[in-house]
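Undergrad: First the structure, which I've put down as C-alpha cells, then a few questions once you've had a look.
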Amino acid sequence: MQRETERVTHPLEPIFNGTSERLILGSFPSVASREAAFYYGHPRNRFWQVLADVYDCPLPETDDGRRELILSKGLALWDVIASCRIRGSADSAISDVVPNDLSIILAAAPIKRIFVNGRTAGKYYMKFQYPKFGILPTVLPSTSPANAAWSMERLTSAWRAALCE
C-alpha cells in the first residue's frame, strides 16, 4: 500500500469496439486493479458480479471473459482519469487530475449513453468531460466495497434499470 501521495498514470487501455453503444466510466484503477492489470481487480469489488446479474450470465472468471462480457453487451469500459496524485486506492485521496481523452472511444464507437460508476467518477466527468463532449452521464451507485450501504440486490437493481432501459 502506498503511504505517500504520488503521481500515478492509468495503466489500462479502454475496452470497446465498433458496436459499443454504452460507455461505463470509473474514476481511476485501484491499487489491486493496477496490480492485476485489469479493471475492477479488487476481489471485493462487485462490478463484475453486478454486470453478470444484470445480464443474467455467468460471472466471468478471466480477463478475457470479462472483456467478452463488456463487448458482447454493447458496452465500453474505461476511466475518467488518465493520471492523478493518489495515496492507496481511496477516491477521496485523488488530486491533481489529468483526464483521459474520451474522444478515443467517442470517435470510434457509436456511444449513445455514458454511465459513471460512483459519485467521484461523476464529479470528475462533469468537471473535465462534460464541458468538452456535452453528454450528460447517468451516475450509478459505486460497486466499490467502500459503498457497503448498497446491498448486491440494490446495486443490481439500480444498474439493471439504467443499463437495460
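Undergrad: Go through the range 21-51 and report how many residues are β-branched (Val, Ile, Thr) and not in a strand (DSSP E or B).
TA: Residues flagged as β-branched (Val, Ile, Thr) and not in a strand (DSSP E or B) within the range 21-51 amount to 2.
Undergrad: Kindly check whether there is at least one residue in the range 56-71 that is within 27 Å of LEU136 (Cα to Cα), assigned to a loop (DSSP other than H, G, I, E, B) and at pLDDT 95 or above.
TA: Checking the range 56-71: not a single residue is within 27 Å of LEU136 (Cα to Cα), assigned to a loop (DSSP other than H, G, I, E, B) and at pLDDT 95 or above.
Undergrad: Can you name the residue in the range 72-92 that is more than 14 Å from the chain's Cα centre (by Cα) and in a helix (DSSP H, G or I) and, of all such residues, is surrounded by the fewest Cβ atoms within 10 Å (Cβ to Cβ)?
TA: Top of the filtered list is SER92.
Undergrad: If you don't mind, there's one more thing I want to ask. Need the failing condition index for ALA90 against (1) at pLDDT 95 or above; (2) out of contact with any Pro (no Cβ under 9 Å at 6 or more places or on another chain), just the number.
TA: So the condition that ALA90 fails would be (1).
Undergrad: Which of the following residues is of a type in the set (S, T, N, Q), surrounded by 15 or more Cβ atoms within 10 Å (Cβ to Cβ) and in contact with an Asp or Glu (Cβ under 6 Å, 6 or more places away or on another chain): THR120, THR143?
TA: Details: THR143 fails: in contact with an Asp or Glu (Cβ under 6 Å, 6 or more places away or on another chain).
One residue alone meets the criteria, THR120.
Undergrad: Name the pairs whose Cβ atoms lie under 6 Å apart, with the first residue in the range 15-39 and under 22 Å from THR5 (Cβ atoms), the second of a type in the set (D, E, K, R) and not in a strand (DSSP E or B), and 6 or more positions between them or separate chains?
TA: Here the result reads SER27/ASP91, each pair linking the range 15-39 to a residue that is of a type in the set (D, E, K, R) and not in a strand (DSSP E or B).
Undergrad: Report, by residue number, each residue of the range 110-151 that is among the small types (Gly, Ala, Ser) and out of contact with any strand residue (DSSP E or B) (no Cβ under 9 Å at 6 or more places or on another chain).
TA: Across the range 110-151, the qualifying residues are GLY134, ALA146, ALA148, ALA149, SER151.
Undergrad: Ok, one more. Please verify whether VAL98 is in a strand (DSSP E or B), without any contact (Cβ under 8 Å) to a residue 60 or more places away in the chain and β-branched (Val, Ile, Thr), treating the condition exactly as stated.
TA: Here the answer is yes, as VAL98 does meet what is asked.
Undergrad: Also, I was wondering about something else. Taking the range 153-165 as the search range and keeping residues that are more than 16 Å from the chain's Cα centre (by Cα), modelled with pLDDT of 95 or more and closer than 15 Å to TYR55 by Cβ, which one is surrounded by the most Cβ atoms within 10 Å (Cβ to Cβ)?
TA: SER157
The values are calculated or read from the model by the stated rules, or taken from the named source; none is laboratory data. Note that the structure is predicted; figures quoted are calculated from it, not measured. Please note: Cβ atoms are built from the backbone with ideal geometry, for glycine as well, and neighbour counts cover all protein chains shown.
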